[in-house]
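One structure is given here, and the rest of the page talks about it.
Here, each number is a calculation from the coordinates, and none is a lab measurement. Please read all numbers here as calculations on a predicted model, not as lab measurements. When we count neighbours, we look across all protein chains shown, and the Cβ atoms used for this are built from the backbone with ideal geometry, even at glycine.
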Amino acid sequence: MKKLLFVFGFAAISGLGFGQDQICPGATIEISAEGMSFSPDAAIVNVGWTVGWVNYGGNHDVNGITNSLTQLPFDNPEEFYLPTVEVDTVPVCLGTHTFTIPGVYYYDCTTYGHAQAGMVGSITIHLPGCMNSLACNYDDAATEDNESCLFIGDACDDGDETTQDDVIQEDCGCAGSPASIVGELDDISVLIFPNPVASNLTITLSSTSTLQVFNSIGKLVEETGPVSSWVFNVSDWKKGFYTVKTHEGKTHTFIVE
């Protein structure tokens, strides 16, 4: 019986427990290609994970460049492709790809009309981190809040019993260690909600700023003059990750679903 290694959500890589049944060396998860489908056909993983595709039977490739149905580019955050491999009975690793850029990636199988028969898939890449712009360790590149935010007065998590020296100081650093500041507290704070969004998106600012919105490939899709609050509709936008940029050059992300 074939073994499919796939983890939903954000489990620690060390907990996956790969054994001798793993077919793609170095893969964090494996996706099967067999018949006229990928399984699972929709995966959610973290930045830095390596995905491996295993051919369990047939003649398949993994095409993340041009949509075989529309002949238009997938417009993935980055292109990826694994060449065609034909398999009779013994499963073979088609190859692996390590995803380093957050976003939604689409792909299909180009051989013998397989995509037309439904052999398509998607992978959503998240970057866990602190998404509260008021926190000392705010990460404006994060796409999934992992509840790691630290604020002035919080204790540093060093694994030991908390002492007075462990309390975060006014510079947002732990006593006796360098300050770790991703965003200055006096920068413009940006709140984006709801996130993910399907229709109306609201952006509120602590002070006035111009705003620009870019899609996952860096194309400007919307902008406004100086505002402290901005509401716009994204119901007809392509699903995926978008970046909001303030006049200071600070960036914040949201997801259209």
P(r) of the stretch 187-257 over all Cα-Cα pairs, binned every 10 Å from zero, in whole percent
21, 60, 19, 0
Residues other than residue 105 with Cβ under 12 Å of its Cβ, Lys/Arg counted +1 and Asp/Glu -1, net out at -3
Could you put 134, 127 in order, starting from the residue whose Cβ has the fewest other Cβ atoms within 10 Å?
134, 127
Computed label-point distance, nm, for sites residue 238 and residue 81 using a 7 Å Cα→Cβ extension:
1.8 nm
Can you give me the distance in nm between label points at residue 227 and residue 207, each placed 7 Å from the Cα along the Cα-to-Cβ direction?
2.0 nm
Per-residue Cβ contact counts at 10 Å, fewest first, order 140, 108, 236, 41 as 236, 41, 140, 108
Per residue Cα convex hull volume for the stretch 13-126, in cubic angstrom?
87 Å³
Once you have the Cα-Cα distance between residue 65 and residue 217, take 0.36 nm times their residue separation minus that, and quote the gain in nm to one decimal.
53.4 nm
As a footprinting exposure proxy, order 219, 238 by other Cβ within 10 Å, with the fewest listed first.
219, 238
